[in-house]
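The values are calculated or read from the model by the stated rules, or taken from the named source; none is laboratory data. Nothing here was measured: the structure is a model prediction, and the numbers come from that model. Because the Cβ atoms are built from the backbone with ideal geometry, glycine has one as well, and the counts that use them run over all protein chains shown.
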Amino acid sequence: MENIIQQVDSIFLFIIAISAGLLLLITLLMIIFIFKYHKNKHPQAIDTHEHPFLEITWTVIPTILVLCMFYYGMIGYNNMRNPPKDSFVIKVTGRQWEWGFEYPNTKKTKELYVPQNKPIKLLMTSLDVIHSFFIPAFRVKMDLMPGRETFLWFKAEKLGDYDVFCAEYCGLLHSKMLSKVHVMDEQKFNNWYVTNEEVKNETNH
Ligand SMILES: [Cu+2]
């Protein structure tokens, strides 16, 4: 299955391209018409009624464009809502004002550690108010609610550390509700996973 990151980016580009094209076309026509139909050249306005060809054109073309947007959007959404069966499941809790992560072997951290190139499914809930788990680099965002479990999934293809934000205003220290995702190669992750050591060089917020 295609990676969410590329999928979201290509849909975004597609919509931006259509919007930019329309903006250009409409602006150009407006400017041309200002001069072409200036009242000095056409003192008497022509009263036009019904132009089936034009009316069909301006109905059919935009309809096709928005249906294309809907189609690609739906494919992307389905992908986001259907995590691969072999996903590695990590539990996430949001609370005022920090994130907590719990791994299948009950290891707990305040920052997220994941193996590279493996689908990760996050099962999320909130202990107090509504929060929203957002990893801009992976193009995923999902609300966390008390008494309800939500999920998202992603696959990190590049090693590195990425920002995690809370994207739903949740009180006084909402803007400080930050964390990191650390993408490690599989070997390194496996070593880290089995040790009970405290997580070193974890950044404090
Ligand atoms: Cu929050």
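Worth a mention:
- Conditions (1) assigned to a helix (DSSP H, G or I); (2) among the aliphatic types (A, V, I, L, M); (3) modelled with pLDDT of 95 or more; (4) surrounded by 10 or more Cβ atoms within 10 Å (Cβ to Cβ); number of the one not met by MET30: (4)
- The C-beta contact set for region 35-55 (first residue part of a helix (DSSP H, G or I), second residue exposed (fewer than 10 other Cβ atoms within 10 Å of the Cβ), distance under 9 angstrom, 6+ apart or interchain) comprises PHE35/LYS41.
- Exactly one residue out of LYS141, LYS108 is within 16 Å of the ligand (Cβ to nearest atom), within 26 Å of LEU172 (Cα to Cα) and surrounded by fewer than 17 Cβ atoms within 10 Å (Cβ to Cβ): that is LYS141.
- Residue check: GLU98 meets all listed conditions (1) touching a residue at least 24 places away in the same chain (Cβ under 8 Å); (2) farther than 17 Å from LYS180 by Cα but one, namely (2).
- The number of residues in region 32-65 being more than 37 Å from the chain's Cα centre (by Cα) and among the polar types (S, T, N, Q) comes to 3.
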